[in-house]
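Please read the structure below before turning to the comments.
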Amino acid sequence: MQVAEWAWWFGLVLGAVPLLAVALWHGADSYYRARFHGSLKLPPGHMGFPLVGETLSLLWYFKVVRRPDGFIDAKKTRYGEEVCMYRTHLFGSPSVLVCSPAANKFVLQSPDSFGIRWPSPELVGVASVSNAEGAQHARLRGFIVAAINQPSSLRRIAQAVQPRVTAALLSWADRGTITAATEIRTVTFDNICETFVSMKPSPLTAKIRQWFAGVVAGVRATPWDIPGTAFHRALKCRRKLTAVFRTELQTRRKNNNVAKDDLMSGLMRTEDEQGNKLSDDEVVDSIVSLVVGGYESTASAIMWAVYYLAKSPDALAKLREENVGMRREMNGASNFLSFDDTAKMKYTAKVVEEAIRLANIAPTIFRVAHKDVEYRGYTIPKGWKVVVWLRSLHTDARYYPDPLTFNPDRWDKPAKPGTYQVFGGGHRICAGNMLARLQLTIMLHHLALGYQWKLLNPDAAIDYLPHPRPVDGAAMAFRKLGTSSSEDPLK
Ligand code: HEM
């Protein structure tokens, strides 16, 4: 090839590629604007490239530069914050992002306009609260809240989980170094098996744990039911879980559901105002969806609390002081906190809220528009996904000064209305929020009384997808405080 010909082709490629990219970039957005032109006004924003939309940009912020607020902040800067609602295209769906207290509230509190749509209802449980809508959702939720989020159940759970927590802490100290994320997940899972279905750690519970991990991975995966995919594996795990819990339930029915004081029995026994009980499918699906909703989220919140305290000696000192005071008040009556004791632990409660705020374990939640919905002059078209960007509230300096700093004292004053949505909001607000807080409080109590820990890699990078987590799983040196009066906080 002649030099001139070569230069001609080179120039063509050099010019054509950017031109094509610009055409595609504008083409996708123009297509959507033209489609709705005249009938409705889309929120400000951009639909990105055809098919991939802005997914790559989101992954860039979350996975490559590890600035999870960068994606939404760029939108706020470019399109303004007046309405805090932006059109986009993510993970194959045209979507609208919402990120202000008012816009989030509008979406979360309009169940007639915005519903839940799972890629596979079978995975979350066809008869589970997470999949139900309308009157059926309210009915199932009533049963679940009565079984896990009421003082009577929390009292029972508080007593049931502490022996395993104290034994786990001792074994961590024996080992000297641990990966906190792994250890906390193990103890949290074992406690869930005990309190939900009275199963002690065994080869079967180890399998159940693997199956749950498979289901959780599938909920986040592309829903292709093809052998070899995470989604296919998740469906298989889900069926195995259903079979195990169904067998357990049938055994209990045969034995007239006696001698078990756990969540499954509670769900089997509870009656609504008309005297109706849950069906077997509803009990089994509720158990699975509660473990999926409550296991990783609680374990992650505990891991972050431990991580932040390792970096905040002043907060840890105050936490120890309060918990030592609490233990003295108990005056040797018990080594275990009661649920009623936890209500007195004001500083510990602030540590719990601050850890959950800053960790942003559920950074976003999803809805789908059931119909065209108007909000402040803009329309969210029917069928579009709505991404409620909870994280953006918790890292906004207008609501939480110096938002990325762990500061439990900021909870001396309550959060401004609508700015604290770690558990979501509206009729689907987390059904296990009190249980999550209780488990954190219990773990912090026993840690503060007897242990010291230090991060091995305090500057380890943080992964934000699929869940926020230090890349080393919060590896730490962990030891029991000595019995000499200089170390033992109880002396
Ligand atoms: C720190 C820990 C936790 C966090 C951050 C958390 C967060 C959330 C959020 C944001 C939602 C709302 C989802 C939506 O609106 O789409 C939710 C719902 C839910 N959570 Fe949690 N959760 C936690 C712990 C738990 C626990 C311990 C349980 C129970 C064992 C639980 C059970 C549920 C259930 C059943 C729902 C669905 C409620 C409904 O649809 O009515 N969660 N959670």
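Since every read-out is calculated from the coordinates, none of them should be taken as a lab result. What you see is a predicted model; the values in this text were computed from it and never measured. Counting neighbours? That spans all protein chains shown, and the Cβs are built from the backbone with ideal geometry, glycine included.
Points worth noting:
- Cα gyration tensor, the range 371-440 - rounded (a/c under 1.5), prolate or oblate: oblate
- Cα gyration tensor shape of the range 264-393, rounded if a/c is under 1.5, else prolate or oblate by comparing a/b with b/c: oblate
- One decimal place: the segment Ser202-Gln150 gains 15.8 nm when fully extended, by the rule 0.36 nm per residue minus the C-alpha distance.
- Packing-based ranking, highest mean first, of 123-132, 10-19 given that Cβ atoms within 10 Å are counted: 123-132, 10-19
- Under 18 Å from the Cα of Lys350 - aspartates and glutamates, other chains or at least 8 residues apart: Asp314, Glu321, Glu322, Asp340, Asp341, Asp402, Asp409, Asp412
- Prolate/oblate/rounded call for the range 26-106, Cα gyration tensor, a/c under 1.5 rounded: oblate
- For Lys260, the aspartates and glutamates whose Cα comes closer than 16 Å to its Cα, not counting residues fewer than 8 places off in the same chain, are Glu194, Glu248.
- Highest-first arrangement of 110-118, 348-356, 81-89, where packing means the average Cβ count within 10 Å: 348-356, 81-89, 110-118
- Going from the residue with the fewest nearby Cβ atoms within 10 Å to the one with the most, Met345, Met330 rank Met330, Met345.
- Excluding same-chain neighbours fewer than eight residues apart, the lysines reachable from Lys480 by a Cα-Cα span under 22 Å are Lys311, Lys318, Lys454, Lys491.
- Centre separation in Å (Cα based) which lies between the range 347-422 and the range 197-263: 31 Å
- Burial ordering of Leu263, Leu40, fewest other beta-carbon atoms within 10 Å first: Leu40, Leu263
- Within the chain, helix-based [θ] at 222 nm, where runs of 4 or more DSSP H residues each add -39,500 (n - 2.57), nearest 500: -17000 deg cm²/dmol
- Relative contact order [Cα under 8 Å, 6+ residues apart], the chain, whole percent: 21 percent
- Scoring 266-274, 368-376 by mean Cβ neighbours within 10 Å over their residues and listing the highest first yields 368-376, 266-274.
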